[in-house]
Amino acid sequence: MNELIIRQPDDWHVHLRDGDMLAAAAPFTARQCGRAIVMPNLVPPVVTVDEAHAYRQRILAAVPAETGFEPLMTLYLTEQTTVAELARAAENPYIHAVKLYPAGATTNSDRGVRDPLAIDPLLAELARTGLPLLVHGEVVDPQVDIFDREARFIEQVLVPIRQRFPELRIVMEHITTEDAVAFIRTQEDGVGATITAHHLLYNRNAMLVGGIRPHYYCLPVLKRERHRQALLTAATSGDPRFFMGTDSAPHTQGAKESSCGCAGAFTAYAALELYAEAFDQVGKLNMLEAFTSVNGPNFYGLPLNESRVRLTRHPQSVPDYFEVGAAERLIPLRAGETLSWQAVRL
Ligand SMILES: [Zn+2]
């Protein structure tokens, strides 16, 4: 297959940032995706409905209006979040989910929740209203090896939350292990998972062999090849519980290429091309549209996009960097290399 036409995708997990980085990164998502679930981990985080509204306006101002891009806003759950604020969020047409970060798990997560099992009134309100809980699924216990943190989160946090709140709608974000795939497959309605393009394309060798490659460092961190294989099988299976979420997470070059570099890979510049490459690797391009453009809207109860995108097998080179403001650079994943697909909106 050298060409396919699919419905326009949506990105169900993306970091658009703020200020100069928002201006640099958001147009890429807007050109390719109809909608995106926008992560709230700004500094300070987006914790109230009013803050989400203000952020939404800044996003709309940063993207070309003709794209028709619709940011789907989220709130950042803290230990100070109130039941009343969640009730307001659930009634708000622009807010589509609430994000749970275990405190300290990833970029700008220090205001997250220290004990996710100690916020029952908040989880009960989400279950009552149907507003989905999006989870960064890693424990932060320093005793737990970083490669085991996702599997441990499932048993220590997710399984108990599911037992206490079976009605609660949950998306396990950016899953990276066969353990997470197995867990999601055992769940009934109301549980889904996003999978990034980079976790479908790369295992941890890409980050660590032949030198440390900071642009491949993300959280949850890349895992072993058998985990990548499990993710690829899940994403290309057509199972409606798995859908596209790039976790595209831009940082400036200096913040990545540092003695303590930030986690995050910038993939939004070519999200669909990267996913197409992963699906093509296993001969499953025919399953791409379900994953990128159908399963996500169905989970969130939103209509499918009506416009279409044409994907062509056509090598294109990736720029070495994108400008951020006047003085900074953003290095895309696979900078200076090639992509094998090209996506054009119809
Ligand atoms: Zn993320």
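Observations on the model:
- Per residue, the solvent-accessible area of segment 40-171 (1.4 Å probe, heavy atoms of protein chains only, all protein chains present) comes to 43 Å².
- Semi-axis lengths (Å, descending) of the ellipsoid that matches the C-alpha gyration tensor of segment 196-271: 24, 15, 8
- Once backbone amide H atoms are built at 1.01 Å from N, TYR76 has VAL46, VAL47, LYS99 as its partners under 5 Å, excluding neighbours fewer than 5 places away on the same chain.
- Computed extension gain for SER317 through ASN286, at 0.36 nm per residue and net of the alpha carbon distance, reaches 8.7 nm.
- Fluctuation leader among GLN281, GLN316, GLN143 - the chain, Gaussian network, Cα springs under 10 angstrom: GLN143
- Antiparallel content of DSSP bridges confined to the chain, in %, to 5: 40 percent
- Cα-projected label distance for ARG308 with ALA103, points at 7 Å along beta-carbon direction, nm: 5.2 nm
- Report note on the peptides 22-31, 78-87: ranked by the mean count of other C-beta atoms within 10 Å, highest first, their order is 22-31, 78-87.
- Over the chain, DSSP H runs of length four or greater, each weighted -39,500 (n - 2.57), average out per residue to a 222 nm ellipticity of -8500 deg cm²/dmol.
- Accessible carbon and sulfur surface of the chain relative to its total accessible area, %, 1.4 Å: 49 percent
- Altogether, the Stokes-Einstein calculation at 4 °C and 1.567 mPa s, with the Kirkwood radius of segment 108-259 over Cα pairs as Rh, returns a diffusion coefficient of 79 µm²/s.
- Taking only the C-alpha atoms of segment 1-55, Rg followed by Dmax gives 13.9, 47 Å.
- Compactness of the chain was expressed as the Cα radius of gyration divided by 2.2 N^0.38 Å, which yields 0.92.
- Of interest is the spacing of the C-alpha centroids, which for segment 201-248 and segment 13-43 amounts to 21 Å.
- Modelled spin-label separation between ASP18 and GLN156, with each label point placed 7 Å from Cα along the Cα-to-Cβ direction: 3.0 nm.
- Equivalent ellipsoid semi-axes - Cα gyration tensor, segment 1-159, angstrom: 28, 20, 16
The values are calculated or read from the model by the stated rules, or taken from the named source; none is laboratory data. Being a predicted model, the structure only gives us computed values, none of them experimental. Note that each Cβ is placed from the backbone with ideal geometry, even for glycine, and that neighbours are counted across all protein chains shown. Note: accessible area is taken over every heavy atom of the protein model, side chains too, but ligands, DNA and RNA are not part of it. Shrake-Rupley method; radii C 1.70, N 1.55, O 1.52, S 1.80 Å.
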